[in-house]
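Engineer: Provided herewith is a single structure, encoded as structure tokens, for subsequent inquiry.
Each reported figure results from applying straightforward, stated rules to the coordinates on display, with no laboratory input. Bear in mind the structure is a predicted one, so any value in this text is a computation, not a measurement. FYI the Cβ positions are ideal-geometry reconstructions off the backbone, even for glycines, and counts take in every protein chain you see.
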Amino acid sequence: MRDFLIQSAPVLIWVIALAEAAICVLAARLSARLKGTPEAHAACRMALLTALVAAGLAIDAFIQALGSVIGFGSFLQGLSQIRYILHGVLIPLLLPISFYFITSSKKILSVVWVITGILIILGIVMGLSTKTEPAEFAGILRYATSDETPAIWSRYSRILSVGGVFPLLILGIIGWVRKKGPRVFLAGLFMFAFAALGPATSNMDLNFLITLFGELLMVLFLYLASKHEGARQGA
């Protein structure tokens, strides 16, 4: 499997990027269809946020795939900085997605959005503060985080990456118990499992690629959860 991933890495990243772009389109269309249905408000918001997350992940994958085409340089480095900003903006959106899955309370959702806004602001600062350096592996040319990145933002990035999945897992279980299905929980589970797969199998050099599969499965199951919620609410 390792040999296959190494040999196919450039193609796999393009495929993942296209798949995430397709999910973005499907989720956006679902959100537009649910928009005029008041009882499906939560499902509409879930679908819209899922479309935004999928779009960001598709852009992230496209930038990584582009490296093998255009090579290292200031243009790719500039695009790579966008990757880190997207990372800081998108992961917090998993929090409101998780809460829209289990509640329609305006008070709770208002608090959730305040917290999300704070996390997004911190994420933007983190992205702008991240220093990058060229990294080449398996035919992929990209700019990865360098040791020059301030320690506080390196730690925040790790905390955000791990912590961002927990709302999907915890609130996904709550929704599952309420008979809304396991899809949100599975979205978090796949993301968590694939993020841990590289270190667990001593393939840290391939972790950036393995994690992309987790991200793809995460947005796929969030889209399916939004679609199921819309149908469940009679839309």
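Engineer: Per-residue ellipticity at 222 nm for the chain, helices alone: DSSP H runs ≥ 4 residues times -39500 (n - 2.57), over residue total, nearest 500 deg cm²/dmol? Walk me through the numbers on the way to the answer.
Structural biologist: Values: 9 runs with 182 residues, N = 235.
Calculated mean residue ellipticity at 222 nm is -26500 deg cm²/dmol.
Engineer: So if each residue of separation counts as 0.36 nm, and I subtract the Cα-Cα distance between Ile118 and Thr37, what length gain in nm does that give?
Structural biologist: That pair, Ile118 and Thr37, stretches by 26.2 nm at full extension.
Engineer: Among residues other than Leu26 whose Cβ falls under 13 Å from its Cβ, what is the net charge (Lys/Arg +1, Asp/Glu -1)?
Structural biologist: That sum, taken over residues with Cβ under 13 Å, equals +2.
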